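The values are calculated or read from the model by the stated rules, or taken from the named source; none is laboratory data. The structure displayed is predicted, hence computed values, not measured ones. A quick note on method: Cβ atoms are made from the backbone with ideal geometry, for glycine too, and the neighbour counts reach across all protein chains shown.
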Amino acid sequence: MADIKGSPLIIRADASIQIGTGHLMRCLALAQAWKDSGGKIIFITACQTESLLQRLRDEGIDIHLLSHPHPDPADWRYTKGILASNPNSWVVLDGYHFDETYQHYVKEAGYRLLVIDDLAHLEHYYCDIVLNQNLHAEQLNYSCEPYTRLLLSTNYVLLRREFLAWKGWKREIPVTAQRVLVTLGGSDPENFTLKVIQALQEVKVPGLEATVVIGASNPHVDTLEAAVRQSRIQIRLICDARNMPELMAWADVAVTAAGSTVWELMFMGIPAFLITVADNQEQIAKSTAEVDALIRVNNILENWAEILADKIYRLIFDHERRARLSYLERSLVDGLGKMRVIENLEVSKPARS
């Protein structure tokens, strides 16, 4: 791998109630790997959530805040000034609002560009590298430049440092599952978490308990706290958890949204139920269900919470299926993804469009 000591990596990613926290958090994983390899991190973001910003500060990351993200012209005016002070940098874009125009801006300024993508939704990609860490990535058709490299599949999953400390850990599969982890993303504006809590009330299993994790951007804290107080089963509610690997290790099964948390759960080998809380999660949900890595619950159906309760009940007593799911998940996400990405971020003369 090329020597990156002191070389800047400039990351442009946002987080909010509307877009969630996944873009920012997976960029944090990449930032950790770059910094651990001796590089410098500059993070440009419109994120306004203090706890998320503190996570970046805790890593010693240089943060630049902007108020009006692209397509507002103020975004690029601010960003290009930071780029100008850091020549020969790699730039990372992660977010559906960074379109072809924004990629053009970065390339015309003479910088190497990595775009983290999930959907191949743009007509053309002008970057040096496209990174898509999803199971369905190799099925997508990317229109891109001749020099563009495609890093596609779960071989490139970006996991934060706290997860990698668990590499080699062996999950025990109990005869009967009793511990349920619920984690539906950093914001969950439609409050699917409440529906899952309600569904758990219908799972009649002695000793059943749950941990519900919500993000710092979740707007429904009061409602969820009330639901937990009224619960017939033991539930603890955790906001902005800093120990997700430990919580995943504690749980026997999980209920999750079809976002980047999926890959964390797979790495930890936890059998999980999958629901979609945003349209852009549909492909992840479909591809993971197709290979039987996770169990999908179609939450578009009116009685989906009732269906979820029944599926949880059945899986609790199905030791063989839980063991099979756990083994398959860990075979798909090995924890080496971000180092494979770093190896592709060669320090060389920028390619221009």
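Structure values in brief
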{"item": "Complete set of residues in the range 173-224 that are more than 20 Å from D318 (Cα to Cα) and charged (D, E, K, R)", "result": "D188, E190, K195, D222"}
{"item": "Any chance D128 is of a type in the set (D, E, K, R), in the same structural domain as S16 (by TED's automatic domain parsing) and surrounded by fewer than 21 Cβ atoms within 10 Å (Cβ to Cβ)", "result": "no"}
{"item": "Neighbours by Cβ (under 8 Å, 6+ apart or cross-chain): first from the range 302-316, over 13 Å from V205 (Cβ atoms); second surrounded by fewer than 15 Cβ atoms within 10 Å (Cβ to Cβ) and polar (S, T, N, Q)", "result": "W304/N298; I307/N298"}
{"item": "Residue list for the range 178-190, restricted to those being under 19 Å from the mean Cα position of the chain (by Cα) and at pLDDT 95 or above", "result": "L181, V182, T183"}
{"item": "Residue check, Y96 surrounded by fewer than 23 Cβ atoms within 10 Å (Cβ to Cβ), touching a residue at least 12 places away in the same chain (Cβ under 8 Å) and assigned to a loop (DSSP other than H, G, I, E, B)", "result": "yes"}
{"item": "Pairs where the first residue, in the range 194-216, is farther than 18 Å from T176 by Cβ and the second is among the acidic types (D, E), C-beta under 6 Å, 6+ apart", "result": "A216/D240"}
{"item": "Close pairs from the range 35-56: first in the same structural domain as P69 (by TED's automatic domain parsing), partner in a strand (DSSP E or B) and surrounded by fewer than 18 Cβ atoms within 10 Å (Cβ to Cβ), Cβ under 6 Å, at least 6 apart", "result": "I42/D62; F43/I63; I44/H64; L56/I63"}
{"item": "Criterion (in contact with a Leu (Cβ under 6 Å, 6 or more places away or on another chain), surrounded by 20 or more Cβ atoms within 10 Å (Cβ to Cβ) and either at pLDDT below 95 or not in a helix (DSSP H, G or I) (or both)) met by exactly one of A254, A199", "result": "A254"}
{"item": "Within the range 275-289, tally of residues that are closer than 16 Å to D188 by Cα and either touching a helix residue (DSSP H, G or I) at 6+ places or on another chain (Cβ under 7 Å) or free of Cβ contacts under 8 Å to residues at least 60 places away in the same chain (or both)", "result": "6"}
{"item": "Those residues of the range 144-162 which are in a strand (DSSP E or B) and either closer than 13 Å to E264 by Cα or not charged (D, E, K, R) (or both), in sequence order", "result": "C144, L150, L151, L152"}
{"item": "Those residues of the range 284-333 which are in a loop (DSSP other than H, G, I, E, B) and of a type in the set (A, V, I, L, M), in sequence order", "result": "V291, A293, L294, V297, I300, L301, V333"}
